[in-house]
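Read the structure below first, then the notes.
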Amino acid sequence: MKPPVWQTVGFYALVAIIVLQAVFPFYYAILTSLEDGQALFEVNYLPKALDLANYRAMLTGGVFGKQILNSVFVATVVVILSLCLAVTAAFALSRIRFRGRGLLLLTVLSVSMFPQIAVLSGLFEVIRFLGLFNSLWSLVFSYMIFTLPFTVWVLTTFMRNLPVEIEEAAIMDGASSLTIIRRVFLPLMWPAMVTTGLLAFIHAWNEFLFALTFMSTDSQRTVPVAIALISGRSEFEIPWGNIMAASVIVTLPLVALVLVFQRKIVSGLTAGAVKG
Amino acid sequence: MSANPVKSRLSRNRTRSAWLFLLPMLVTLFVVAAWPLGRTVWFSFTDASLDMMSEARWVGIRNYLEYVDFGGGEGQYYGLLADARWWRSVWNTVLFAVVSVSFETVFGLIIALVLNQQFRGRGLVRAAVLIPWAIPTIVSARMWAWMLHDQFGIINDMLQGLGLIAEPIAWTASPDTAMIAVLIVDIWKTTPFMALLILAGLQMVPGDIYEAAKLDGIPAWRVFRKVTLPLIMPAVLVAVVFRALDALRVFDIVYVLTPNTDATRTMSVYARENLFDYDQFAYGSAASTLLFLIIALITITFIMATRMDLEGKRS
């Protein structure tokens, strides 16, 4: 039994609308970033120019290159640190029965619900005390508040679902817990770690509030803040072409990552939420 | 004497190593979350300022509420709870959260239902849907600021082309439309997340249910309402709560898209303004504390209401 024609047509029309609304804004940003001067101020739906002036302006001369490196550094270090801390913690939380486990998981979960603004003044004091103000390490430090609970939570749910048998032999052989993690679990956990690492990376890459507050000089800023602060002398001099070029530069790698790791990201996101 | 000394020693060992393994994480969480939160709450009861944090003195609840007697029966309330701008930002935040999450749920449900069908190019469509999610919030705010530009924006151009509006709209600048602009960007950006979570719920619905309904000739709409919706409700609910908690602390989009306007200022924006722009550190801390309390209350209610399966017993 085939569905009536109007249903098929309607369905594909809906699909077209969904795709169009998702893709168009980014398409338009690319299109704008390739326009320069007067062309910018005419509304075009199709590419007319292919002018790389905006990209040249962003990547040469200024500090934007340095700011990209800042973001890469912060996000990478945050991911490595939180994965290291999370693997052992997740092992304890998922494979060992001990009193207070449920409460600990609850604590971890509730930290991931913390509004960042609620810790902002306290963190500001800690960071000044540690002498980290305007240092990239302040971001590495503070981003732990959202990457760590997330990675612990997802890795715990993942490890919990692995069968008991895999470590029984190792326990019988008298292997230490650390050996069991290294030899038994790590090889099995690469997929989960890639997924959580990727999501944590994206989160750290996009973070704005801490990066805005804990950095005070241009050369120390990360890209979201840099892009937010690009402005002209007046409302009419905002360099939209430059902003769009910068936006495309920092977004393309993310979009590529997401498209390549689509399945993994979807499973990671849902493991973080639905498994509750 | 234990019946099985080997096993009990083993489990004691394992319990010890459990705490050892948890220690680094717990210490980190204490330093980045618990301690700063405690300090924020403490600051909210002091006269702390940005330059004099260590000399902060206890002032009671003055930052929250204080009655100043002018004498002769005259007087006025001061403090956060008497501040109309604070209540305006509370209202803005609640409005933002309710409207954005409602639209995201409906749109997310539609997209999830579409993606749950078998059709050619489904993988590509799913990839396309993920794009708004992948774009950093700041970037989407600026992209949309450009698209919503009053003079050169493509949105006004489209709407005028379709004859829907006569004059260009100053979306982000006008107080009447600023909140709408913020909502558009947020809904666009976070609907994919909602769609994915709901899709995960949909995919757990066994396919033979649909087969059976089809054989019985039950109309699709009724199958959706009577079978699909109740089955995916838990997944939808979790997604809604996650998003709502996220929406209540919204900062980036508002800060970048519509800076400095009463029409869109949210609780987080209000708190940060006071902390760092107006040098009202203690007062801003009080606002942060209240925001935290609101979110904590919602979270606790949710966890209690759903009795979340934390130990993994049910799985």
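The values are calculated or read from the model by the stated rules, or taken from the named source; none is laboratory data. Everything quoted here is computed from the prediction, not taken from an experiment. Neighbour counts run over all protein chains shown; Cβ positions are idealised from the backbone, glycine included. Accessible surface is based on the protein model in full, side chains and every heavy atom, while ligands, DNA and RNA are left aside. Shrake-Rupley method; radii C 1.70, N 1.55, O 1.52, S 1.80 Å.
Please pick out the residue among A:L93, A:L136 that is open to solvent by 10 Å² or more (accessible area, probe 1.4 Å) and among the aliphatic types (A, V, I, L, M).
Answer to the check: A:L136.
Which of the residues spanning the stretch B:164-185 are open to solvent by less than 60 Å² (accessible area, probe 1.4 Å) and either assigned to a loop (DSSP other than H, G, I, E, B) or not assigned by TED's automatic domain parsing to the domain that holds B:A97 (or both)?
Scanning the stretch B:164-185 gives B:I165, B:I169, B:A170, B:W171, B:T172, B:S174, B:T177.
Results for (1) in a strand (DSSP E or B); (2) within 13 Å of chain A (Cβ to nearest Cβ), shown as yes or no for each residue.
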site: B:N13; (1), (2): no, yes
site: B:S17; (1), (2): no, yes
site: B:F21; (1), (2): no, yes
site: B:L29; (1), (2): no, yes
site: B:R62; (1), (2): no, no
site: B:Y67; (1), (2): yes, no
site: B:F70; (1), (2): yes, no
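Across the stretch B:153-163, which residue is nearest to the other protein chains (Cβ to nearest Cβ) among those that are part of a helix (DSSP H, G or I) and open to solvent by 10 Å² or more (accessible area, probe 1.4 Å)?
Looking at the filtered set, the residue picked out is B:D157.
For the stretch A:208-237, which positions are outside any helix (DSSP H, G or I) and within 9 Å of chain B (Cβ to nearest Cβ)?
Selection gives A:F208, A:I230.
Tell me, yes or no, whether the stretch B:112-119 has at least one residue that is over 18 Å from the mean Cα position of the chain (by Cα) and either within 30 Å of B:G284 (Cβ to Cβ) or not assigned by TED's automatic domain parsing to the domain that holds B:A271 (or both).
no
For the stretch B:73-105, which residues satisfy the criterion of being open to solvent by 80 Å² or more (accessible area, probe 1.4 Å) and not charged (D, E, K, R)?
Residues satisfying the conditions are B:Q76, B:Y77, B:Y78, B:W87, B:W91, B:V98, B:F103.
Please go through the stretch B:117-152 and give me each residue that is more than 18 Å from A:L20 (Cβ to Cβ), at pLDDT 90 or above and part of a loop (DSSP other than H, G, I, E, B), ordered by number.
B:P136, B:H149
What pairs come out if I take residues in the stretch B:217-242 that are closer than 30 Å to A:F114 by Cβ and pair them with residues that are of a type in the set (S, T, Y) whose C-beta lies under 7 Å away, six or more apart or interchain?
B:V236/B:T105; B:V240/B:T105
I'd like to verify a number: residues in the stretch B:32-48 that are more than 7 Å from chain A (Cβ to nearest Cβ) and among the hydrophobic types (A, V, I, L, M, F, W, C), how many?
Residues flagged as more than 7 Å from chain A (Cβ to nearest Cβ) and among the hydrophobic types (A, V, I, L, M, F, W, C) within the stretch B:32-48 amount to 5.
In the stretch B:111-130, how many residues are in contact (Cβ under 8 Å) with a residue 24 or more places away in the chain and either buried (at least 24 other Cβ atoms within 10 Å of the Cβ) or at the interface with chain A (Cβ under 8 Å from one of its Cβ atoms) (or both)?
4
Select, from A:S71, A:S33, the only residue that is in the same structural domain as A:E237 (by TED's automatic domain parsing) and small (G, A, S).
Testing whether each residue is in the same structural domain as A:E237 (by TED's automatic domain parsing) and small (G, A, S) leaves just A:S71.
Give me the pairs, please: first residue somewhere in the stretch A:102-116 and closer than 16 Å to B:V32 by Cα and assigned by TED's automatic domain parsing to the domain that holds A:V154, second residue anywhere and modelled with pLDDT under 85 and in a helix (DSSP H, G or I), beta-carbon distance under 7 Å, and either six or more positions apart or on two chains.
A:S110/B:T299; A:M113/B:T299
Check every one of the helices (runs of 4 or more DSSP H) wholly within the stretch A:55-129 and list those with 1 or more residues that are closer than 21 Å to A:I181 by Cα and facing another protein chain (nearest Cβ under 9 Å).
Correct list: A:64-95, A:101-113.
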